[in-house]
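The values are calculated or read from the model by the stated rules, or taken from the named source; none is laboratory data. Predicted model only: the values in this text are computed from it and were never measured. Ideal geometry is used to build each Cβ from the backbone, glycine not excepted, and the neighbour counts take in all protein chains shown. Keep in mind that these areas ignore ligands, DNA and RNA; they rest on the heavy atoms of the full protein, side chains included. Shrake-Rupley method; radii C 1.70, N 1.55, O 1.52, S 1.80 Å.
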Amino acid sequence: MIRLKKFSYWYPATEQHALDRITLDIPEGQFLGIVGANGAGKSTLCYALSGFVPHFYNGELEGELSFDNTPMAELDLGKLAGQVGLVFQNPFNQISGARFTVREEIAFGLENLGVPRAEMRDRIEEAMELVNIQELAERSPFSVSGGQQQRIAIASILAMQPRVLVLDEPTSQLDPDGTRDVFAALSKLVSTRKITVIIAEHKLEWLATFCDRVIALANGRLRAEGSPQDVLSSEQMLRLGVGRTQYSEAAARLLRSKQLPVTLEQAKKALQ
Ligand SMILES: Nc1ncnc2c1ncn2[C@@H]1O[C@H](COP(=O)(O)OP(=O)(O)OP(=O)(O)O)[C@@H](O)[C@H]1O
Ligand SMILES: [Mg+2]
């Protein structure tokens with residue numbers, strides 16, 4: 001559905017590629033994880049996959065970037081907005097500032113899409129429920145914590161019911177409960193509505209649990225791709241600065257130890 005072929009991108013007035021000859025085909029209904037160290041190009045790839053590159057960010061492009069076989073650059077932005085939603089890395093950037101309450105904030109995007117009133121109400125309630133923020137409905141989006149803002153930003157995009165949901169580190173300010181809520185909501189949407197989810201995320205354990213496929217970036221290049229099992233367990237992830245899940249880390253430590261644990265106490269200690 002979204003296809004890149006040797007796609008490269010340079011931000012305005014920069015010499016260095018932000019994306020370097022990326023070839024990638026994302027089929028409908030896939031739950032795709034993007035990993036990479038800081039500056040690897042995760043956010044830039046999220047912008048490309050959601051049309052912000054080239055519609056919002058100028059700069060130089062090379063190669064192919066298409067959505068449903070139409071070059072992204074030829075797509076009408078208004079039409080694209082109903083199909084693809086992007087949750088920004090910093091939730092503060094997402095909040096319009098034009099509305100007084102969280103409920104109105106979520107309504108804002110739907111008004112722009114021209115969704116009828118009655119349907120809007122249902123969609124807003126459902127989106128708030130998915131990320132567990134019903135109790136914030138009448139609060140100001142600026143009077144809540146960073147983690148709550150992150151949930152509001154996600155709800156605003158979920159309410160728009162895009163076919164493709166691109167999320168750039170959507171759980172960076174969330175605690176483990178919040179992170180679980182978000183991944184549970186995403187996996188529910190993938191299984192019930194067959195939407196496509198693309199998520200840049202450092203919390204590898206969650207990607208390992210929920211993704212169909214993981215890609216790894218470094219210096220704007222695609223360096224690995226495959227099942228979460230194959231990609232995340234590979235030694236290469238250490239070299240790329242991606243790291244490993246805590247489970248892989250514990251297992252690796254065990255493999256390096258001189259003697260295997262034989263009691264429960266020893267096993268607990270060895271796996272800690
Ligand atoms: N607006 C911009 N103008 C110029 N260069 C940029 C801009 N945004 C990002 N870059 C550069 O593009 C490259 C990729 O950055 P990007 O933000 O996509 O990485 P990232 O993987 O999302 O990093 P992080 O983990 O810190 O969010 C980096 O070299 C960065 O300095
Ligand atoms: Mg980023």
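Assorted remarks:
- Top-ranked residue in the stretch 77-134 [being hydrophobic (A, V, I, L, M, F, W, C) and open to solvent by 50 Å² or more (accessible area, probe 1.4 Å); ranked as nearest to Ser43 (Cα to Cα)]: Phe92
- Look at the stretch 18-41: where a residue is open to solvent by less than 30 Å² (accessible area, probe 1.4 Å) and a partner is near ligand 1 (Cβ under 10 Å from one of its atoms) and aromatic (Phe, Trp, Tyr), sitting 6+ places away or on another chain with Cβ atoms under 6 Å, you get Ala18/Tyr9; Ala18/Tyr11; Leu19/Tyr9.
- Pairs, first touching a residue at least 40 places away in the same chain (Cβ under 8 Å) and assigned to a strand (DSSP E or B) in the stretch 200-226, second away from ligand 1 (no atom under 15 Å from the Cβ) and of a type in the set (Val, Ile, Thr), C-beta under 8 Å, six or more apart: Val214/Val231; Ile215/Val231; Ala216/Val231; Leu222/Thr23; Glu225/Val231
- Test for Gln259: is it without any contact (Cβ under 8 Å) to a residue 60 or more places away in the chain, open to solvent by 80 Å² or more (accessible area, probe 1.4 Å) and not in a helix (DSSP H, G or I): yes
- Test: residue in the stretch 125-139 that is among the β-branched types (Val, Ile, Thr) and without any contact (Cβ under 8 Å) to a residue 60 or more places away in the chain: yes
- When the criteria are applied in full, Phe52 meets the requirement of being within 28 Å of Met237 (Cβ to Cβ), out of contact with any Gly (no Cβ under 8 Å at 6 or more places or on another chain), in the same structural domain as Phe108 (by TED's automatic domain parsing) and within 15 Å of ligand 1 (Cβ to nearest atom).
- In the stretch 198-211, the residues that are open to solvent by less than 50 Å² (accessible area, probe 1.4 Å) and under 18 Å from Pro91 (Cβ atoms): Ile198, Ile199, Ala200, Glu201
- Residues being among the β-branched types (Val, Ile, Thr) and open to solvent by 10 Å² or more (accessible area, probe 1.4 Å) are represented in the stretch 49-71 by at least one member.
- Among the residues of the stretch 156-167, those identified as within 19 Å of Glu105 (Cβ to Cβ) and either within 16 Å of ligand 2 (Cβ to nearest atom) or assigned to a helix (DSSP H, G or I) (or both) are Ser156, Ile157, Leu158, Ala159, Leu167.
- Set Val231, Val182: member being assigned by TED's automatic domain parsing to the domain that holds Phe31, modelled with pLDDT of 95 or more, more than 16 Å from ligand 2 (Cβ to nearest atom) and crowded, with 19+ Cβ neighbours inside 10 Å: Val231
- Hits in the stretch 234-246 (condition: modelled with pLDDT of 95 or more and part of a helix (DSSP H, G or I)): Gln236, Met237, Leu238, Arg239
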